[in-house]
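Enquirer: Got a structure here, written out as structure tokens. Questions coming.
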Amino acid sequence: MSDKVIYAMYDDDEVLKDGAKKLVSKGVKIAEVFSPFPIHGIDPIIGIKNTRLGIMAFIYGLTGLLLATVGMRFFMVTDWPMNIGGKPNFSYLDNILAFIPITFEFTVLCAAHGMAITYMLRNKTLPGMPAQNPDPRTTDDKFVMEIRLSENANFSESDLQTWLKETGIIELDQKEIN
Amino acid sequence: MHKEAAIREPLILGHKTYHDITEDVCRPIEDKAPKMWYILFGIALIIGLYGVGCILYLLGTGVGVWGLNKTIGWAWDITNFVWWVGIGHAGTLISAVLLLFRQKWRMAINRSAEAMTIFAVFMAGLFPLIHMGRLWLGYWVLPLPNQFGSLWVNFNSPLLWDVFAISTYLSVSLVFWYIGLIPDFATIRDRAKKPISKKMYSILSFGWSGRAKHWNRFELVSLVLAGLATPLVFSVHSIVSFDFATSVIPGWHTTIFPPYFVAGAVFSGFAMVQTLMLVMRKAMGLEAYIHTRHVEYMNIVIMVTGSIVGTAYITELFISWYSGVEYEAYAFFNRATGPYWWAYWAMMTCNVVSPQLMWFRPLRRSLLFTFIISIVVNIGMWFERYVIIVTSLHRDYLPSSWSMHYPSHIDLGVYVGTIGLFFVFFLLFARYFPVLALNEVKTILKSSGESYKNAPDTHGHADSHSTH
């Protein structure tokens, strides 16, 4: 389905935020904001939910903890109990102190890498992916707001443009996408 | 937006805009490298290659080429390992612990400090690998089911904990560093003019576009990684200290080792950051971002951790007498007055006395003084490990086997070689990577930048914040 997209460019994050607030209060749906650094407080305005990656990190960490425990119990107690200075080698619990460091390290390893991989996949930022920012200046010092006409069927194109022009934009661009 | 008191020194000097920050950081990457860079790179490469040669000779001949003997079976290899791991503690501390404490000054230095960390841990990792003698069997440290019977690696051994700790630390630091680099690579990609560099930075930037949702995830991932890396930093050097502390050798068998090693690691790591940063800010024209205030903050960290180290030395000395264990007492008496007295007193002077000079404000704000002290501290920290390791071993329970350690030229070559390789990596980093965390520095421009900080608030809250 072909769609028209309006790109409004700002040169200040605060101006963009105020503009977004005004537009949203009129009922405009803002599809995306591109910025060179995180704009604090933009997410609730344009309706972006907080990420759940933290929960995933916790689950990955838990997996690591479990794997390390099960693994070391199997290696050191079930499969080949080693006699180290006569310490109890028939029970995991009696010897647990020696296993804490690796359990901790493995938990961190799984949580960190699991989360990082999920982050890359969810963002679709992977080696070889093409850049998708509408203007190369958005990674330098410009901020771009993207509004899709299909998502704002209640408003006319000219209405959107006049409203945008009132918010202190520096450039306005339009594109047809398929 | 955060407001900062006007009397607080700005972190970004001069009248910078977002675009200026991009320009300042990207220019050294896009311009031709200065002649000095080629000279330094050449020197580092030659030294590094000499080190590689020594390592190859060692692998071909055996660890007998080191200056070890029957009494001193562990010397420069482990000394260098602990020294490099210690240096590799500052980067993650700066980026993780200071992120959790919301210290904005870290943003100017975290990127290069993390790079320094990663390269230092590379160098550290070399030593346990080559000391195996048969490098190609290095995978035996992994818990793999093997054809030699169902014997597993020993999970009760601190040496195996080290394998897990160091590899986790290295890989997590690398991921943390790279995730921060992706948006900055995108900045370079979007500015690049030459097709080759455009292509390279496109690949490196993973197609980053700066969408709001991605930034939302980015911030959370950074925070959680910082939360994970913080205990990790402390665990790594604690585990390194267990290599000694869990043994029964007088001089090693001390419960004070974990906190003492961690403080020492941070101490030497910050010293290395100072050494590199003071040169880099000058060479790359980053004086507006890394200035006296940053140096002073780091000097305060050096002073605090140096004092912890000093306290630990003295506590150790006291306990060796107070414990009533004569072997323990002898180990320390021998350190201070035996044949290695010079190493002991070099360590004491460099690590206990020199950081105390940082109590004086003019000294800790002097760049030249800081540079000298940072090198002194790193020499002192190398001697600390040498003292702990060699002096505890060289006179054991049997006086007939007492001995001295004389490093061979291979010992020396491998050590100096790792310093060369470290600088090869660091110089390459400074040439091709954004040495400042662009996206992070931009977020503090308005709250801590000189021109914005003291300017009247033009953003609609003039009435409520007119006196900020």
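The values are calculated or read from the model by the stated rules, or taken from the named source; none is laboratory data. Since the model is a prediction, treat every value here as computed from it, not as a measurement. Cβ sites come from the backbone with ideal geometry, for glycine too, and all protein chains shown count toward neighbours.
Conditions tested, residue by residue: (1) within 11 Å of chain A (Cβ to nearest Cβ); (2) touching a residue at least 60 places away in the same chain (Cβ under 8 Å); (3) surrounded by fewer than 23 Cβ atoms within 10 Å (Cβ to Cβ).
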residue	(1), (2), (3)
B:ILE239	yes, yes, no
B:PHE244	no, yes, yes
B:ILE290	no, yes, no
B:MET298	no, yes, no
B:VAL304	no, no, yes
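Enquirer: What number of residues in the range A:1-50 are under 22 Å from B:SER222 (Cβ atoms) and of a type in the set (Asp, Glu)?
Expert: Final tally of qualifying residues: 3.
Enquirer: On to the next question. When the range B:153-203 is examined, which residues are found to be of a type in the set (Val, Ile, Thr), more than 8 Å from chain A (Cβ to nearest Cβ) and buried (at least 23 other Cβ atoms within 10 Å of the Cβ)?
Expert: Of everything in the range B:153-203, just one residue is of a type in the set (Val, Ile, Thr), more than 8 Å from chain A (Cβ to nearest Cβ) and buried (at least 23 other Cβ atoms within 10 Å of the Cβ), namely B:ILE188.
Enquirer: Here are some residues: A:PHE90, A:PHE75. Which one is more than 25 Å from the chain's Cα centre (by Cα) and at the interface with another protein chain (Cβ under 9 Å from one of its Cβ atoms)?
Expert: On the way: A:PHE90 fails: at the interface with another protein chain (Cβ under 9 Å from one of its Cβ atoms).
Only one candidate qualifies: A:PHE75.
Enquirer: Hey, another quick one. Could you look through the range A:136-166, keep only residues that are within 21 Å of the chain's Cα centre (by Cα) and polar (S, T, N, Q), and pick out the one that is surrounded by the fewest Cβ atoms within 10 Å (Cβ to Cβ)?
Expert: A:THR138
Enquirer: Which count do you get for residues in the range A:93-117 that are aliphatic (A, V, I, L, M) and more than 7 Å from chain B (Cβ to nearest Cβ)?
Expert: 5
Enquirer: Additional query: Would you check if there is a residue in the range A:118-129 being within 11 Å of chain B (Cβ to nearest Cβ), buried (at least 20 other Cβ atoms within 10 Å of the Cβ), modelled with pLDDT of 85 or more and not in a helix (DSSP H, G or I)?
Expert: yes
Enquirer: Show the residue pairs that are 6+ apart or on different chains and have beta-carbon atoms under 8 Å apart, the first residue being within the range B:211-231 and more than 8 Å from chain A (Cβ to nearest Cβ), the second being part of a helix (DSSP H, G or I) and modelled with pLDDT of 90 or more.
Expert: Between residues of the range B:211-231 that are more than 8 Å from chain A (Cβ to nearest Cβ) and residues that are part of a helix (DSSP H, G or I) and modelled with pLDDT of 90 or more, the close pairs are B:SER222/B:PHE176; B:SER222/B:ILE179; B:SER222/B:GLY180; B:ALA226/B:PHE176.
Enquirer: With the checklist (1) more than 10 Å from every other protein chain (Cβ to nearest Cβ); (2) without any contact (Cβ under 8 Å) to a residue 24 or more places away in the chain; (3) crowded, with 18+ Cβ neighbours inside 10 Å in hand, flag the one item B:LEU137 doesn't pass.
Expert: Every listed condition holds for B:LEU137 apart from (3).
Enquirer: Considering each residue of the range A:130-148, count those that are closer than 16 Å to B:ALA192 by Cβ and either at the interface with chain B (Cβ under 7 Å from one of its Cβ atoms) or not in a loop (DSSP other than H, G, I, E, B) (or both), and give that number.
Expert: Result for the range A:130-148: 8.
Enquirer: Tell me, yes or no, whether the range B:209-229 has at least one residue that is under 19 Å from B:ILE389 (Cα atoms), of a type outside the set (Ser, Thr, Tyr) and surrounded by 21 or more Cβ atoms within 10 Å (Cβ to Cβ).
Expert: no
Enquirer: So, in the range B:167-203, of the ones that are free of Cβ contacts under 8 Å to residues at least 60 places away in the same chain and under 24 Å from the mean Cα position of the chain (by Cα), which residue ends up farthest from B:ALA113 (Cα to Cα)?
Expert: Here the residue is B:SER167.
Enquirer: If A:ASP43 satisfies all but one of (1) in contact with a Ser or Thr (Cβ under 9 Å, 6 or more places away or on another chain); (2) within 7 Å of chain B (Cβ to nearest Cβ); (3) modelled with pLDDT under 90, what's the number of the condition it fails?
Expert: (1)
Enquirer: Consider A:ASN95 carefully, then state whether it is closer than 27 Å to B:PHE155 by Cα, modelled with pLDDT under 90 and outside any helix (DSSP H, G or I). Break it down into steps so the answer makes sense when it comes.
Expert: On the way: closer than 27 Å to B:PHE155 by Cα: yes; modelled with pLDDT under 90: yes; outside any helix (DSSP H, G or I): no.
Answer is no for this residue.
Enquirer: Looking only at helices (runs of 4 or more DSSP H) that fall completely inside the range B:1-117, which ones have 2 or more residues that are at pLDDT 85 or above and under 30 Å from B:HIS405 (Cβ atoms)? Quick ask: steps written out before the conclusion?
Expert: Values: elements: B:18-30, B:35-61, B:76-87.
Output list reads B:35-61, B:76-87.
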